[in-house]
Amino acid sequence: MDDSMYEKNRLLQRKLDNLIKQAQANERKQQLYESFGFDIIGVDTPAQLSELLLCQMSSRFQLVDVVLCLVDHHQDTEHLFFNPNEEAHLYYTNRLLILDTETDANLIQLLPDHPLLGNPVLKKYRWMILNLESCAQVKSAALLPLTRSGRIIGTLLLLSHDINRYQEGVGTLFLQKLSAMTAVAIENCLNQQRIKEISYQDTLTQAYNRRYFDLRLKEEIARCMRCDDDLICMFLDVDHFKKINDTYGHQTGDRVLKHMVNLIKEQVRTCDIVARYGGEEFVVALPMTTLQAAHDIAERLRQTICSATLNFQDKPLKFSISIGIACLQSLITIQPQDIEILSAALLDKADQALYAAKSGGRNQVAVYGKRQVSVNRAQSMQKQL
């Protein structure tokens with residue numbers, strides 16, 4: 001065998017070795033993507049999905065960071081992802097971007113319908129990573145569209161410190177499979193959460209029901225005990241509600257309840273829990289709130305409802321509420337450190353405060369444990385309902 005033939009064989013062998021290495025690398029890559037894809041499909045809640053995509057994915061794929069951008073087609077994405085976990089909202093604030101279909105319409109139009117790799121991603125979609133602490137470390141990126149039923153529901157942005165990791169013209173088969181499985185997982189996850197939300201809601205007022213409130217109250221008490229925070233419980237009751245039903249009819253009574261819940265939701269935060277506890281009685285849990293701040297909220301709410309007017313057969317209908325308040329911190333020192341006992345005690349004390357407000361003349365705020373209740377009755381009420 002002459003030297004030229006020997007050299008040709010060496011070159012062919014080298015090419016074959018490289019092809020084998022590339023095939024093995026692709027096989028490992030495929031296994032990694034498939035394994036991760038199955039993990040994504042298996043998640044049940046938005047919290048699990050956030051943990052998998054925005055935390056675990058970075059380490060498993062050796063990335064600097066991952067950004068998930070979602071289009072809020074149903075105006076509920078932020079609520080479904082973060083309620084009731086305010087801490088998660090803060091933790092993922094720059095890595096989970098939620099676009100409103102109206103206010104962010106221009107950005108939504110820029111989202112691609114096919115995978116984009118390389119430097120153009122970092123130039124055109126710089127707004128996605130500007131607030132990341134890792135922004136300076138990013139050298140290459142891949143932007144994957146998330147589509148369902150022919151509609152863009154968001155994008156998944158993979159960020160690498162390796163300038164050669166994602167380059168224009170490189171095959172995207174694995175990434176396309178990953179984006180398809182991610183889109184399915186997101187849609188399934190959010191739909192499951194929507195079903196749960198429906199089962200937790202009072203059908204008339206769209207406030208939470210008592211079952212959900214009892215569960216959440218215990219969770220919040222446990223969190224407050226760990227973090228040494230306070231938790232305020234507020235009971236609200238429509239004054240003379242039976243008279244409203246008897247005078248104006250039950251449909252008008254229903255309108256009063258729905259209107260009241262809408263006003264309550266306007267006055268409280270998204271992390272606060274508003275629930276119908278029974279009949280015309282509602283309860284609100286205010287985590288991480290001082291007693292004074294809760295009192296201010298209650299008084300503002302009382303005034304707002306007292307000033308509101310509903311129309312009944314072209315005639316104005318006014319109504320008022322009474323509010324009772326109790327705080328967790330005042331109970332922890334005198335009650336056993338048991339979640340069930342503390343939950344029952346907090347509700348009982350707030351209920352006692354409500355009774356004091358009603359027996360004291362109604363249309364007022366009463367705080368458990370204080371002789372003097374806040375009595376700022378609405379003098380503008382022309383008649384007692």
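Computed from the coordinates by the stated procedures, all read-outs in this text should not be read as laboratory data. All figures in this text were calculated on a predicted structure; none of them were measured in a lab. Using ideal geometry, Cβ is built from the backbone for each residue, glycine included, and neighbour counts are taken over all protein chains shown.
Some points to look at:
- Theoretical gain in end-to-end length, I341 to E219 [0.36 nm per residue, Cα-Cα removed]: 42.6 nm
- For the chain: rounded, prolate or oblate by the Cα gyration tensor [a/c cutoff 1.5]: prolate
- In terms of its C-alpha gyration tensor, the stretch 258-306 has an oblate overall shape, because the principal axis ratio a/c (a ≥ b ≥ c, square roots of the eigenvalues) is not below 1.5 and a/b does not outweigh b/c.
- Here the relative contact order of the stretch 96-242, from alpha carbon pairs under 8 Å that lie six or more residues apart, stands at 16 percent.
- Between L354, L16, L49, the Gaussian network model of the chain with springs among Cα atoms under 10 angstrom shows the greatest mean-square fluctuation at L16.
- Separation in nanometres of the label points that stand 7 Å from Cα toward Cβ, at F38 and S199: 2.7 nm
- FRET efficiency, 1/(1 + (r/R0)^6) with R0 56 Å, evaluated for D17 and E51 via beta carbons: 0.90
- Most mobile listed residue (D237, D314, D214) in the chain, GNM with C-alpha springs under 10 Å: D314
- Percent RCO, i.e. relative contact order, over the stretch 61-143, from Cα pairs under 8 Å lying at least 6 residues apart: 35 percent
- At R0 = 51 Å, FRET efficiency that the Cβ-Cβ distance of F312 and A180 yields, to 0.05: 0.40
- In loop segments of the stretch 72-148 as defined by DSSP, there are no trypsin sites (Lys or Arg not before Pro) with at most 10 further C-beta atoms inside 10 Å of their C-beta.
- For a straight C-alpha distance cut-off of 27 angstrom, the lysines reachable from K196 (same-chain residues fewer than eight places away being disregarded) are K218, K258, K265.
- Straightening the chain between D113 and I98 buys 3.6 nm, computed as 0.36 nm per residue apart minus the Cα-Cα spacing.
- Nearby lysines by direct alpha-carbon distance to K15 (threshold 23 angstrom, same-chain neighbours under 8 apart not counted): K29
- With Cα atoms defining each centre, the stretch 326-340 and the stretch 146-225 are spaced 35 Å apart in the structure.
- Cα-based shape type of the stretch 66-128, given that a ≥ b ≥ c are square roots of the gyration tensor eigenvalues and the cut on a/c is 1.5: oblate
- Cleavage-rule hits, GluC sites (Glu not before Pro), the stretch 36-122, DSSP coil, Cβ neighbours within 10 Å at most 15: E102
- Working from Cα pairs under 8 Å separated by at least six residues, relative contact order for the chain is 13 percent.
- Stretch gain in nm, segment N245-L132, where the contour uses 0.36 nm per residue and the Cα spacing is subtracted: 35.2 nm
- The stretch 162-241: Cα Rg divided by the 2.2 N^0.38 Å rule of thumb: 1.95
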